[in-house]
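In what follows, a structure is listed as structure tokens, so that the remarks can point back to it.
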Amino acid sequence: MADLLYQRLGVAVNRLAQDLMSRKAGDRIPSVSEYEEILQVSRGTVQNSVTYLKEKGAISLISRGYLGTYIEKINYRRLQECTFKKELLAAMPLPYSLSYQGFATALYQVFSPLTFNLLYARGAESRLRLISADVCQFIVCSRYTAEEAVRTQKNVEIAMDFGPGSYLSGHVLVLRDPNAKGIENGMRVAYDRTSPDQQHITELVCKGAEDIKYVEIHAHQTVSAICSGRIDAGIWNLDEILESNHQDLNIIPLDNIGDVSAYSTATVLVRKGDTATKQILEHYLDADTITGIQNDVKQGKIPADY
């Protein structure tokens, strides 16, 4: 019985600490009765959980009579140490462009009150596997990939959208033939099955062409494969083209495939029903703050730090 009570207290402390991590000093917290409903535990367990967090130095509370109880002081790292997951872990693309470096820098800055780390994983499919396996609490991907994942996997949901241009400036078609105007019959075209964005855009630009040979390579190898003659065409990141001084290549804008904003929009995905992580993200993540820091890195106003 003692072990069972200890386990229940541990679960309640974990959930209470996660709830408080999404709050700040000066906030009114729910009453004990309200926390009974929120945490689905007894009144005594709520009170014991609050006492435990106080003793750990995670929170200091002050009662204001009929107005309720307010947070006087809060130590986010100590709160985090009282949760089952003592580190907030996320995954995003390899930081090969200034856009990604700026986004990573912004995440580290806004999550500085917590123990936070990023995994860098090539290909959105690999990042989706990480969140499905409960390795990460959230991942960063494009809006297109996020919507496809929600539609097909059913175990993830979109927590935040940072607007067009926040993921990357855009995609372009890169051609080996300097005189080519677009995809032509018989071309060898780069195809990356680990990247839903590159895969879908490639299929759109190749629509109508005949005898296309898809060459399976990682998207980041597109330019080198074109320069070596391995492929004739491929979709790649405009930021990387410009930052790597590849402007001498035959680069075609994607003006004829409709609205491409979903591919350039950074989105955060969490596991469906993970309200604790969503609350933390809502507390720390602000689209204007993230993109502001990202732009400062891109413009050289602050160094990338990730």
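The values are calculated or read from the model by the stated rules, or taken from the named source; none is laboratory data. Not measured: the values here are computed from a predicted model. Ideal geometry is used to build each Cβ from the backbone, glycine not excepted, and the neighbour counts take in all protein chains shown. Note: areas computed on protein heavy atoms with side chains; ligands, DNA, RNA excluded. Shrake-Rupley method; radii C 1.70, N 1.55, O 1.52, S 1.80 Å.
Here is how the numbers come out for the structure above:
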quantity	calculated
Trypsin sites (Lys or Arg not before Pro) lying in DSSP loop within the stretch 215-306, provided at most 10 other Cβ fall within 10 Å	Lys301
Unit charges at the beta carbon, dipole of the stretch 107-258: most positive-side option, Asn245, His218, Thr152	Thr152
Protection proxy ranking, peptides 104-117, 12-25, average beta carbon neighbours within 10 Å, highest first	12-25, 104-117
Residue of Cys227, Cys136, Cys82 that the Gaussian network model of the chain assigns the largest fluctuation, springs spanning Cα pairs under 10 Å	Cys227
Area accessible to solvent at Asp211, 1.4 Å probe radius, in Å²	130 Å²
Other-chain or far-sequence residues with amide H under 5 Å of Tyr214's (modelled H)	Val189
DSSP-loop chymotrypsin sites (Phe, Trp or Tyr not before Pro) across the stretch 67-107, with at most 16 other Cβ within 10 angstrom	Phe84, Tyr96
List Asp27, Asp161, Asp197, ordered by accessible area with a 1.4 Å probe, largest first	Asp161, Asp27, Asp197
Mean separation of Cα contacts under 8 Å, 6 or more apart, over the residue count of the chain: relative contact order %	23 percent
When the convex hull of its Cα atoms is projected in every direction, mean area for the stretch 91-174 (nm²)	6.1 nm²
Relative contact order (%) - the stretch 149-306, alpha-carbon pairs under 8 angstrom, separation at least six	38 percent
Share, in percent, of DSSP beta bridges within the chain that are antiparallel, nearest 5	70 percent
Trypsin sites (Lys or Arg not before Pro) within the stretch 81-138, DSSP loop, no more than 15 other Cβ atoms inside 10 Å	Lys85, Lys86
